[in-house]
Amino acid sequence: MEQYLELSGISKAFPGVQALKDVGFRATGGKVLALLGENGAGKSTLLKILSGDIKPDEGKIVLNGRELSFRSPHDALKSGISVIYQERQLMSAMSVMENIFAGDIPVKNGIVDYKTLKRETKKIIDQFGLPIDPETPVMFLSIAHQQMVEIMKAYRRDSLVIAFDEPTAPLTDTEIEILFNLIRRLKEQGKIILYVSHRLKEIFEVTDEIVVLKDGRFVTHVNTAETNEQDLIKYMVGRDIGDTYANLSRNDKYGDVLLEVNNLTTYAVHDVSFSLRKGEVLGFAGLVGAGRTEVMRAIFGADPIISGEIKLEGKKVEFKTPKDAIDAGIALCPEDRKEQGLVLWRSIEDNIIMPFLDKVRKWPFLDFKKSERVTIEAIKKYDIKTPTIDKIVVELSGGNQQKVILGRWTSSLVNTKLLILDEPTKGIDVGTKAEIYQMVCDLAKEGLGVIFISSELTEVINVADRIIVMKDGTITGEVLREEATEEKVLALAMASN
Ligand SMILES: Nc1ncnc2c1ncn2[C@@H]1O[C@H](COP(=O)(O)OP(=O)(O)OP(=O)(O)O)[C@@H](O)[C@H]1O
Ligand SMILES: [Mg+2]
């Protein structure tokens with residue numbers, strides 16, 4: 001019998017937003033089905049309905065002919081549906097094995113059977129080929145490994161339906177390979193797999209079918225083998241965005257040297273030197289862990305410097321804290337927006353003005369008008385999908401949260417001279433990516449120096465004017481955009497020095 005999951009007429013409204021409207025499609029066993037769509041299209045909401053976390057206003061979920069209705073996430077799990085979320089859902093103080101077996105801990109004579117628990121966990125970890133110890137508390141693992149624990153948890157439950165919401169965002173290339181092999185194995189076992197990702201390359205590599213959503217509505221259902229990137233983008237965005245990189249309008253006039261870094265050494269990087277001119281976009285490429293983020297943290301006053309010097313507009317600077325750096329005109333959009341960027345339980349407005357409260361004050365009060373104006377500007381500039389400016393950030397879709405951070409650091413409240421973007425397009429849809437690239441070029445035209453860190457090679461070599469490549473905490477080379485190829489950059493990123 002063919003296994004299938006059929007959704008029909010699914011609708012869900014949140015205050016001010018119709019997140020899903022009459023969505024339906026069928027996913028079959030032994031296939032991977034991609035859910036694709038712009039930020040805020042409703043992908044995560046659909047998965048949350050499948051996991052029983054939120055109730056649809058209308059619609060039916062049918063699994064192998066049986067209609068399901070969930071009173072809680074527990075019911076969904078019992079029916080054989082596991083969803084692995086964008087946000088991690090682990091009990092961080094508990095061990096890996098307790099998380100993997102949560103709800104099903106083996107018991108012997110009334111007490112936890114640690115021996116069996118450890119043995120069974122070890123078996124799963126070995127199947128994944130990961131260097132993780134079953135007894136480590138999850139909070140001591142890297143974000144990538146936490147994500148893998150989450151996946152092993154679903155795998156252990158042997159669910160018939162497994163849904164992944166942007167699972168590769170925190171993973172390195174090797175880990176992505178491990179995940180894809182696992183997905184292929186689940187496929188062979190006849191599982192029904194749903195896969196959400198903004199990375200089209202992955203969609204072509206690992207999925208069989210694609211469902212596109214736009215503004216909460218179903219657009220199309222196609223076979224992966226019978227479509228191409230250009231068509232998918234058209235379905236998602238509703239228009240042809242053409243060749244993103246060729247269409248960029250770049251800055252071609254550089255000003256004076258803005259930033260000079262000489263022989264910078266910290267606990268994580270060694271003897272790093274480079275400079276950046278006003279109006280220039282400088283890319284930083286390298287494998288995950290190459291030390292790019294650490295260089296930026298040192299420049300930003302977030303990590304102590306052991307030796308070396310930093311000059312801003314020709315003057316030596318020593319920032320004790322990020323606040324000093326911000327006051328001097330440096331802005332850093334960090335890579336992990338949840339850990340370092342946003343206060344999730346506060347509004348969009350609060351998140352945008354928070355670091356600059358002194359500038360939106362009409363003593364002794366807050367200048368509400370100004371604060372509102374700045375926020376609305378950011379919402380317009382980045383097309384942040386939200387019904388109001390006081391929506392709390394945790395209720396925004398992943399990509400829209402990222403846009404709030406960008407909005408904060410480029411608003412008229414800050415006099416940013418140097419903008420450091422660490423993986424700014426992570427979790428952002430193709431249409432918006434193109435807009436962000438253009439925004440980067442526009443800021444350069446305004447005379448800002450921009451540092452653009454990205455692990456997506458195509459992106460960094462096509463957007464930046466010049467690309468610095470790092471490996472193991474040092475710079476291994478530098479290439480100009482005109483002469484940059486993926487092979488060249490990758491060779492430097494993996495160079496054995
Ligand atoms: N708990 C909530 N409360 C209010 N609105 C919400 C909530 N969750 C989602 N929304 C809204 O529903 C819409 C769809 O969001 P969803 O998270 O499903 O998008 P997505 O397709 O996953 O986007 P992304 O690619 O950015 O992750 C968005 O406008 C979002 O702001
Ligand atoms: Mg989402």
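The values are calculated or read from the model by the stated rules, or taken from the named source; none is laboratory data. All figures in this text were calculated on a predicted structure; none of them were measured in a lab. So basically every Cβ, Gly included, is an ideal-geometry build from the backbone, and we count neighbours across all protein chains shown. Just the protein is used for accessible areas: all its heavy atoms, side chains included, with ligands, DNA and RNA removed. Shrake-Rupley method; radii C 1.70, N 1.55, O 1.52, S 1.80 Å.
Could you give every pair whose Cβ atoms fall below 8 Å, whose first residue belongs to region 15-30 and is β-branched (Val, Ile, Thr), and whose second residue is open to solvent by 70 Å² or more (accessible area, probe 1.4 Å) and not in a strand (DSSP E or B), counting only separations of at least 6 or pairs across chains?
Hits for this filter: Val17/Lys385; Thr28/Glu2.
Determine if region 1-9 includes at least one residue that is part of a strand (DSSP E or B), in contact with a Lys or Arg (Cβ under 6 Å, 6 or more places away or on another chain) and within 19 Å of Val219 (Cα to Cα).
There is at least one residue in region 1-9 that is part of a strand (DSSP E or B), in contact with a Lys or Arg (Cβ under 6 Å, 6 or more places away or on another chain) and within 19 Å of Val219 (Cα to Cα).
Restricting region 370-413 to residues that are more than 16 Å from Asp350 (Cβ to Cβ) and either outside any helix (DSSP H, G or I) or open to solvent by 60 Å² or more (accessible area, probe 1.4 Å) (or both), which is nearest to ligand 1 (Cβ to nearest atom)?
If we take residues in region 370-413 being more than 16 Å from Asp350 (Cβ to Cβ) and either outside any helix (DSSP H, G or I) or open to solvent by 60 Å² or more (accessible area, probe 1.4 Å) (or both), then Ser397 is nearest to ligand 1 (Cβ to nearest atom).
Does any residue in region 223-237 that is under 14 Å from Leu33 (Cα atoms) come within less than 7 Å, Cβ to Cβ, of a residue that is part of a loop (DSSP other than H, G, I, E, B) and of a type in the set (Ser, Thr, Tyr) six or more places away or on a different chain, and which pairs are these?
Going by the 7 Å Cβ cut-off, the qualifying pairs are Thr224/Thr207.
Val281 versus (1) β-branched (Val, Ile, Thr); (2) under 26 Å from the mean Cα position of the chain (by Cα); (3) open to solvent by 10 Å² or more (accessible area, probe 1.4 Å): which is the lone unmet condition?
(3)
Among what's in region 184-199 and is modelled with pLDDT of 90 or more and crowded, with 21+ Cβ neighbours inside 10 Å, pick the residue that is farthest from Glu226 (Cα to Cα).
Lys191
Here is a check on your reading of the model: is Ile162 outside any helix (DSSP H, G or I), farther than 27 Å from Ala27 by Cβ and under 24 Å from the mean Cα position of the chain (by Cα)? Give the steps one after another, and end with the answer.
Values: outside any helix (DSSP H, G or I): yes; farther than 27 Å from Ala27 by Cβ: no; under 24 Å from the mean Cα position of the chain (by Cα): yes.
No, not satisfied.
Condition check ((1) surrounded by fewer than 18 Cβ atoms within 10 Å (Cβ to Cβ); (2) in contact (Cβ under 8 Å) with a residue 60 or more places away in the chain) across all residues:
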residue: Leu33; (1), (2): no, yes
residue: Glu38; (1), (2): no, yes
residue: Leu50; (1), (2): no, yes
residue: Asp57; (1), (2): yes, no
residue: Glu67; (1), (2): yes, no
residue: Arg71; (1), (2): yes, no
residue: Leu90; (1), (2): no, yes
residue: Met94; (1), (2): yes, no
residue: Glu98; (1), (2): no, no
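Restricting attention to region 414-424, which residues are within 14 Å of the chain's Cα centre (by Cα) and either within 16 Å of ligand 2 (Cβ to nearest atom) or open to solvent by 10 Å² or more (accessible area, probe 1.4 Å) (or both)?
As a first pass, look at region 414-424 and keep what is within 14 Å of the chain's Cα centre (by Cα): 421-424.
Selection gives Glu423 alone.
Working carefully through the options Gly427, Gly447, Gly477, find the one that is open to solvent by 10 Å² or more (accessible area, probe 1.4 Å), touching a strand residue (DSSP E or B) at 6+ places or on another chain (Cβ under 6 Å) and either part of a strand (DSSP E or B) or not assigned by TED's automatic domain parsing to the domain that holds Ala41 (or both).
Details: Gly427 fails: touching a strand residue (DSSP E or B) at 6+ places or on another chain (Cβ under 6 Å); Gly447 fails: touching a strand residue (DSSP E or B) at 6+ places or on another chain (Cβ under 6 Å).
So the residue among Gly427, Gly447, Gly477 that is open to solvent by 10 Å² or more (accessible area, probe 1.4 Å), touching a strand residue (DSSP E or B) at 6+ places or on another chain (Cβ under 6 Å) and either part of a strand (DSSP E or B) or not assigned by TED's automatic domain parsing to the domain that holds Ala41 (or both) is Gly477.
Looking at the structure I just gave you, is Glu202 modelled with pLDDT of 85 or more and either within 16 Å of ligand 1 (Cβ to nearest atom) or among the basic types (Lys, Arg) (or both)?
Numbers: modelled with pLDDT of 85 or more: yes; either within 16 Å of ligand 1 (Cβ to nearest atom) or among the basic types (Lys, Arg) (or both): yes.
So Glu202 passes the test.
Restricting to region 100-117, give me the number of residues that are open to solvent by less than 80 Å² (accessible area, probe 1.4 Å) and of a type outside the set (Gly, Ala, Ser).
First, the residues of region 100-117 that are open to solvent by less than 80 Å² (accessible area, probe 1.4 Å): 100-102, 105-106, 110, 112-113, 116-117.
Still in the list and also of a type outside the set (Gly, Ala, Ser): 100-101, 105-106, 112-113, 116-117.
Going through region 100-117 one residue at a time, the tally reaches 8.
Consider Leu344 against the criteria (1) away from ligand 2 (no atom under 16 Å from the Cβ); (2) open to solvent by less than 60 Å² (accessible area, probe 1.4 Å); (3) part of a loop (DSSP other than H, G, I, E, B): it satisfies all of them except one. Which criterion is unmet?
(1)
Identify, by number, the condition in (1) within 24 Å of Ser347 (Cα to Cα); (2) modelled with pLDDT under 90 that Leu421 doesn't meet.
Looking at each condition in turn, Leu421 falls short on (2).
Is there any pair linking a residue in region 176-190 that is in the same structural domain as Val206 (by TED's automatic domain parsing) to one that is open to solvent by 20 Å² or more (accessible area, probe 1.4 Å) and in a helix (DSSP H, G or I), with Cβ under 7 Å and at least six apart or on different chains, and which?
As it stands, the answer is Phe180/Glu205, since those pairs meet every condition given.
Taking Glu209 as the residue in question, decide whether it is within 16 Å of ligand 1 (Cβ to nearest atom) and either in the same structural domain as Ala154 (by TED's automatic domain parsing) or without any contact (Cβ under 8 Å) to a residue 12 or more places away in the chain (or both). Steps first, answer last, please.
Values: within 16 Å of ligand 1 (Cβ to nearest atom): no; either in the same structural domain as Ala154 (by TED's automatic domain parsing) or without any contact (Cβ under 8 Å) to a residue 12 or more places away in the chain (or both): yes.
When the stated conditions are applied, Glu209 does not pass them.
Going through region 118-141 one residue at a time, which ones are of a type outside the set (Asp, Glu) and open to solvent by less than 70 Å² (accessible area, probe 1.4 Å)? Give the derivation first.
Just the residues of region 118-141 that are of a type outside the set (Asp, Glu), to begin with: 118-119, 121-125, 127-132, 134, 136-141.
Those that are of a type outside the set (Asp, Glu) and open to solvent by less than 70 Å² (accessible area, probe 1.4 Å): Thr121, Ile124, Ile125, Phe128, Gly129, Leu130, Ile132, Pro134, Thr136, Pro137, Val138, Leu141.
Quick check on region 138-157. Is at least one of its residues more than 24 Å from the chain's Cα centre (by Cα) and free of Cβ contacts under 8 Å to residues at least 60 places away in the same chain? Step through it out loud before you land on a result.
At the first step, the residues of region 138-157 found to be more than 24 Å from the chain's Cα centre (by Cα) are 156-157.
Add one more test, that the residue is free of Cβ contacts under 8 Å to residues at least 60 places away in the same chain, and what stays is 156.
Within region 138-157 (the criterion being more than 24 Å from the chain's Cα centre (by Cα) and free of Cβ contacts under 8 Å to residues at least 60 places away in the same chain), the answer is yes, since at least one residue qualifies.
Output the residues belonging to region 477-497 that are farther than 14 Å from Asp465 by Cβ and of a type outside the set (Val, Ile, Thr).
Gly477, Glu486, Glu487, Lys488, Leu490, Ala491, Leu492, Ala493, Met494, Ala495, Ser496, Asn497
Quick one: Ala169 ticks every box in (1) of a type in the set (A, V, I, L, M, F, W, C); (2) within 16 Å of ligand 1 (Cβ to nearest atom); (3) part of a helix (DSSP H, G or I) bar one, so which box is it?
(3)
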